[in-house]
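Reviewing the structure listed below.
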Amino acid sequence: LVRDTDGVSAALVAAELAAGLRAQGSSLRDRLEDIFRVHGAHVTRQRSLRIEGADWLDRVTAAMAALRADPPPAVGERAVLEVEDLLPGGRLPPSDVLIFTLDGARLVIRPSGTEPKCKCYAEAVVAVAEHGVVAAARAQASAAVDEVLEAAGRLLAERGL
């Protein structure tokens, strides 16, 4: 049980894992690659869009409402398979968040709670072929994340941001 919020206990657990792996002739990178081979190569990144002007909150609110009212059929070249709106609550507490499940990726859009920004989070998971190269799968997932974040920026610009 870890009760601290500054990560000290987590760092100790990570150091213990690293020491144990080293004793086995392995490393944290080797273990992570083993996990990727089982679960796919995951890449996640965030991009913030700073909103200029005193009316930033109204513009972000309007953009989120526009996305809710008329979700895009695609984000860039990736079809939107599902849109989950967290505003009414449900499986998670109510929050001004939209989750777009895309063909081969996922995009989360939400306004910042403290700054004049709209935040976009993208994730892609690419399977590592049996005995495949993890680096190639990570590169493919990374390219997908970059593509989704660029498309999200264009989408938000179309909605007035």
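The values are calculated or read from the model by the stated rules, or taken from the named source; none is laboratory data. Please read all numbers here as calculations on a predicted model, not as lab measurements. Note that each Cβ is placed from the backbone with ideal geometry, even for glycine, and that neighbours are counted across all protein chains shown. Just the protein is used for accessible areas: all its heavy atoms, side chains included, with ligands, DNA and RNA removed. Shrake-Rupley method; radii C 1.70, N 1.55, O 1.52, S 1.80 Å.
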For region 78-161, the spread of Cα positions along each principal axis, largest first, Å
44, 29, 25
Relative to the longest principal Cα axis of the chain, at what angle does helix 28-39 sit, 0 to 90 degrees, rounded to 10?
60
Ellipsoid semi-axes in whole angstrom, largest first, where each is sqrt(5λ) of the Cα gyration tensor of region 1-69
42, 19, 11
Label-point gap, in nm, between Asp55 and Asp6 - each point 7 angstrom along Cα→Cβ:
4.5
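Counting each DSSP H run of 4 or more residues in the chain as -39500 (n - 2.57), what helix-only mean residue ellipticity at 222 nm follows after dividing by all residues, to the nearest 500 deg cm²/dmol?
-14000 deg cm²/dmol
Given contacts defined as C-alpha pairs under 8 Å and at least six residues apart, what's the relative contact order of the chain, whole-number percent? Spell out each step's value before the answer.
On the way: 233 pairs, mean separation 44.6, N = 161.
Reported relative contact order: 28 percent.
Over all directions, average the projected area of the Cα convex hull of region 22-161 and note it in nm². Display every interim value, and only then the final one.
Values: hull surface 42.6 nm².
Dividing the Cα hull surface by four gives the mean projection, 10.7 nm².
At a 1.4 Å probe radius, carbon and sulfur cover how many percent of the accessible area of the chain? Present the calculation step by step, with values, prior to reporting the outcome.
On the way: 5360 of 9830 Å².
Ligands and nucleic acids excluded, carbon and sulfur give 55 percent.
For the chain, which span is the longest to avoid every loop-located (per DSSP) member of GluC sites (Glu not before Pro) having at most 14 other Cβ atoms inside 10 Å? All intermediate terms of the calculation are to be shown ahead of the outcome.
Values: sites that count: Glu52, Glu77, Glu130.
Longest stretch, sites excluded: 78-129.
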Determine the per residue accessible area of the chain with all protein chains present and a 1.4 angstrom probe, expressed in square angstrom.
61
